[in-house]
Every structure is written in C-alpha cells, then in structure tokens.
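**Student:** The following block contains the structure, expressed as structure tokens.
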Amino acid sequence: MWDYLHHQQFILDTPHLDRLIVHLTAPPLSSSPLDSIFLEEGILSETPFKEHTWGWDLLAQIYHFGTRDLDEPEERSTLARANDFLAACDAFEKKHLQTTMPDPFMGLPRIDLPNWHASYFDLNLGSALEARMTSRVFSGDSISLSDLSACLGMTFGKKENPWPEAEIHNVTFLGKRRTSPSAGGLHSVIPYIVAFHVDGLAPGLYGYDDASHQLVLMEASTAAELDAQVTRLCGDQFFGENAACGIFFVSRLDQVWTKYPHSRAYRDVFLDGGHLSQTLLLLATSLEWNTWITAYFRDTELLSFLHLRPDADLPFLYVALGKGDRQALHPTVLEALRLRQKECG
C-alpha cells in the first residue's frame, strides 16, 4: 500500500489486507486489534480525511502529490551543502562513465547542413516577442535549407564556447551547452524533423545530430504522405497542414534518470521543452515564418513513426514551421463558425 500524500509505503500481510478490505467494503460489525495499527499509521481515520480540490484523474493526482517534498537532510552549513553538491557530482561522473547511451542514428545516412552563426539572425528580441503568434494556416511554400539549418543550430546545437570556469579552476563539465537552459545541463531533448517543403532536402523523416550539425535520414517519403501522417499523429488536428517542416521534441528519459533517479525529475523534461520551443518560435518569427505548436498525439503510433523506444523515449511537443498568412483561425473553423451563426439566426 502506498500513501503517496505522505511518502509512505506499507507491506500488508494477509490478515491486515483482509481486515482493510472489510473496511473498504462495509463498516465492520466489530473492532479488531488491527484497527489500532491502521489508525496509528494514518491508513484509517476516525474523522473524514481532507478532500483535495482536483480537476484531473487519479493518475495525475498521484504524480502531483507523490513527487512533492523530497526528503531533505538536517539543516547544515553552506559549506556542508557545497560538499553535498560535489559528492553528487562525483557520483554522477562515476555513473556517467559507466553508462553508454544507445545511438539512435547509428548506421543511418547523414546529410551535412549549411554552416550557421548567431549573426545569421537579425533578431530584435522585443519585436520577436511582440510578433510571435500561433498561426493555423500554412501555404505549402518552401523554406531554405540554410534557414532551417540556422534554426536547428541556434536552438538545438551545442555551444562551442566552454564554461569559463572550466579552465580557470581545472573543472570537468559533463553537461553540454545550448542557447536554452536545461536541468542538470543534460539536454535530453532530440529534435526529429519532418521535411515537407525544404529547398535542397528531400521529403522525409530526419533526426538531428547536435554534435556534428547533421541531419540523419530515417525514412524517405512524399510531402503529401507525410502531411497526412503527421495530421493523424497529432490527433487529426489539421492546423499544421501545408507547413514547410515540422519538429517533434523527443526526450531521452534514460539520460535524465541516470542523473536524477527520483520521478520528480520527469517535470524537468517539460521545463526543457518549454525553453527550447520558445527559442525556436522566436527564431522562426524573426524569419517571418508561421508557427503552430501542439502536445496532443496518438502516442503509440507516434513512437512507431519516429522509431523510438516505448519505455525510454518521450515525444512531447510538435512545432510546425512554414510560410503563409498569419491567421489564428483556420478557414475551416471560420466556415464552421459561420454555419453555426447562420443556424442560430
């Protein structure tokens, strides 16, 4: 039995389990010595348990409360906490050296992307933030491979400049750097690109290798077939149809749990995705592209489409990119709205 609210777990033998079932099915006709144990441990209560306001299902509630308030050591000095941090780093370094992450792109054909630099973007942050919007209309016009390369490199590429403290203090950094922050410097998110209409790039599914700045061809196809597949994979949402390309954000969960074994770290994946997606959206906006983002998928089918591991890979975001009119409402939605208004008189 798991009391996820107070982080307690109990092993029940047959007599205790049978007695608890009696309480769950109907008020017992007589008391039992076992009841005092249940009361002492907080499994039963003589007064009603506090009800929590909750609008989602039990599964979400278990995670919400079950990952709260991790056990903390006793209060100690700042220096002691610094030593705890270094000890945790040492433990992770040892585990890191003993762990080999499988390469999802091993043996697949690679395509060199055009070189890019931060100066590629004439980006005014305030203007980009003001102009960014979700658009549900794409024209099917092509984008350049150079533009896509710059967006991938600036969002998901490794920053070559090292941490300045590394050389000064003779410190080894195991993390990697991107333009967005990541919990623990892990950067577990890999982009998978669906190319529909990119000049100089055949339609297909590609992975992005941030170490080499290359695309890895995973499956060739046609733009029309890919468009239909992605629409279905996104729960039949048609707002990304006719985009020039789309990017699925995939977290390698084993890369995260190697450093952070507690389930609370599952939250960090979404934190990373939020940073990366906002960076990508602002860069795309500066190129005058339309953007549409969703997290609603047919999960099992998507895992198969992306050739992912069902247990250790998590596709959790999709961003469609391309040209077209900047419209928040799709023409089909507008037509449905007009028909509804007409019916209502």
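**Student:** Which pairs do you get when a residue that is outside the structural domain of residue 151 (by TED's automatic domain parsing), found in segment 284-309, comes within reach of a residue that is buried (at least 20 other Cβ atoms within 10 Å of the Cβ) and part of a helix (DSSP H, G or I), reach meaning Cβ atoms under 8 angstrom, with the pair 6+ apart or on two chains?
**Tutor:** none
**Student:** On to the next question. If a residue has to be within 19 Å of residue 155 (Cβ to Cβ) and either among the β-branched types (Val, Ile, Thr) or not in a loop (DSSP other than H, G, I, E, B) (or both) to count, how many in segment 199-255 make the cut?
**Tutor:** Count: 18.
**Student:** Considering only residues of segment 310-344 that are outside the structural domain of residue 147 (by TED's automatic domain parsing) and of a type in the set (Lys, Arg), which is farthest from the chain's Cα centre (by Cα)?
**Tutor:** Checking each candidate, the answer is 342.
**Student:** Condition check: modelled with pLDDT under 95 and small (Gly, Ala, Ser). Does residue 195 satisfy that?
**Tutor:** Against the criterion (modelled with pLDDT under 95 and small (Gly, Ala, Ser)), residue 195 does not qualify.
**Student:** Return the pairs, sorted by first residue and then second, in which the second residue is at pLDDT below 85 and aliphatic (A, V, I, L, M), the first residue lies in segment 91-105 and is on the phi < 0 side of the Ramachandran plot, the beta carbons are less than 8 Å apart, and the residues are 6+ apart or on different chains.
**Tutor:** Once the first residue is on the phi < 0 side of the Ramachandran plot and sits in segment 91-105, its partners that are at pLDDT below 85 and aliphatic (A, V, I, L, M) give 92/174; 93/174; 96/174.
**Student:** Any idea which residue in segment 117-145 is nearest to residue 179 (Cα to Cα), counting only those that are surrounded by 12 or more Cβ atoms within 10 Å (Cβ to Cβ) and aliphatic (A, V, I, L, M)?
**Tutor:** The selected residue is 123.
**Student:** So residue 16 passes all but one of these: (1) modelled with pLDDT of 90 or more; (2) surrounded by 11 or more Cβ atoms within 10 Å (Cβ to Cβ); (3) under 20 Å from residue 267 (Cβ atoms). Which condition number does it fail?
**Tutor:** (3)
**Student:** Looking at (1) part of a helix (DSSP H, G or I); (2) free of Cβ contacts under 8 Å to residues at least 60 places away in the same chain, find the lone condition where residue 261 falls short.
**Tutor:** (1)
The values are calculated or read from the model by the stated rules, or taken from the named source; none is laboratory data. Everything quoted here is computed from the prediction, not taken from an experiment. Counting neighbours? That spans all protein chains shown, and the Cβs are built from the backbone with ideal geometry, glycine included.
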